[in-house]
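**Q** Below: one structure in structure tokens.
A short reminder: the numbers here are calculations on the coordinates, not readings from a lab. Nothing here was measured: the structure is a model prediction, and the numbers come from that model. Methodologically, a virtual Cβ is constructed for each residue, glycine included, from the backbone with ideal geometry; neighbour enumeration extends over all protein chains shown.
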Amino acid sequence: MTGRAKIGFGNDLGDLSSFTPAPRPKPAAPPVEAAAAAGFISREPAAPAPVKQQRRHRTGRSAQINIKAKPETIEAFTAWADAQGLSIAEAFEVTIRKLSGS
């Protein structure tokens, strides 16, 4: 067998000189604009949350205490500890010493 296999088109594919490719579609709108046009609402926060500074100190303390408090209370305690130049653990110890009178 020589040449092409017969698949039923006959000579219709022999002359493609009149063929013109279809025009390329225009690029779609950027995803953000397309989403807005479609009515989608972004779930991204309006502004990124501030990154809290890591507070790691090597002090030899090995026991842990976990408490729940209001975010404002934690922020106030942390701000006070920072103003005193203390770590959170040191600030806790200073507070306990003052309360116990020792």
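**Q** For a footprinting-style exposure proxy, rank Thr95, Thr20 by other Cβ within 10 Å, fewest first.
**A** Numbers: Thr95 14, Thr20 5.
Ordered by Cβ neighbours within 10 Å, fewest first: Thr20, Thr95.
**Q** Specify the angular offset, from 0 to 90 degrees and rounded to the nearest 10, of the alpha carbon long axis of helix 71-84 from the longest principal axis of the alpha carbons in the chain.
**A** 60
**Q** For the peptides 65-76, 38-49, what is the packing order when you average, over each peptide's residues, the other Cβ atoms within 10 Å and list the highest mean first?
**A** Top to bottom by mean Cβ count within 10 Å: 65-76, 38-49.
**Q** I'm spelling it out carefully: the read-out is semi-axes √(5λ) of the Cα gyration tensor in Å, the candidates are [x] 55, 32, 8; [y] 76, 21, 12; [z] 40, 11, 9, and one was derived from this structure. Which label?
**A** Label of the calculated value: [y].
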